[in-house]
1. Which condition breaks for Asp132 when tested against (1) surrounded by 10 or more Cβ atoms within 10 Å (Cβ to Cβ); (2) at pLDDT 95 or above?
2. What number of residues in segment 51-76 are of a type in the set (Lys, Arg) and over 21 Å from Met88 (Cα atoms)?
3. Does segment 83-96 contain any residue that is assigned to a loop (DSSP other than H, G, I, E, B), at pLDDT below 95 and surrounded by 13 or more Cβ atoms within 10 Å (Cβ to Cβ)?
Amino acid sequence: MKKSILALCMIGCCSLSGMAFADASSTVGEGMKEMKHAASEYKSEMQKDLMSAMDTMHKKMDASMHYVNPDKAFAAGMSAHHQGAIDMAKIELKYGKDPEMRKLAQKIIDSQGPEIDQMKSWLDKQKSDDNDNKSDKSDK
């Protein structure tokens, strides 16, 4: 009897943890929808520009997840991330007033541009191997 109760408790816990994971996954999706909805409510041009830059960055980063090869996924995702940082830094230079933040924004532009070039160049070299560019299950 005790073993049956223990087994039922274990099954219940596993079921609940699976439901919690599914709920957490849907919560993340809902959070993104809420964030996008809230973005349309911003009034200032600076807020609109920043949200536009972040939305573009997130879409490009998401697209990089189609790569099965971890090196390609990293290079594509980080290129998008770095470009988003550069776009946001340019917005800081356009609207920002604080000298420290403006200096940091320029430093981001100067340092991440060459890194994007390096990653894109590396990705271009990998295109010669068409067997593992995107979503190839045999790619490891």
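The values are calculated or read from the model by the stated rules, or taken from the named source; none is laboratory data. The model shown is predicted, which means the values in this text are computed figures rather than measured ones. For neighbour counting, all protein chains shown are included, and Cβ atoms are generated from backbone atoms with ideal geometry for every residue, glycine included.
1. Of (1) surrounded by 10 or more Cβ atoms within 10 Å (Cβ to Cβ); (2) at pLDDT 95 or above, only one is false for Asp132: (2).
2. 1
3. So far as segment 83-96 goes, no, none of its residues is assigned to a loop (DSSP other than H, G, I, E, B), at pLDDT below 95 and surrounded by 13 or more Cβ atoms within 10 Å (Cβ to Cβ).
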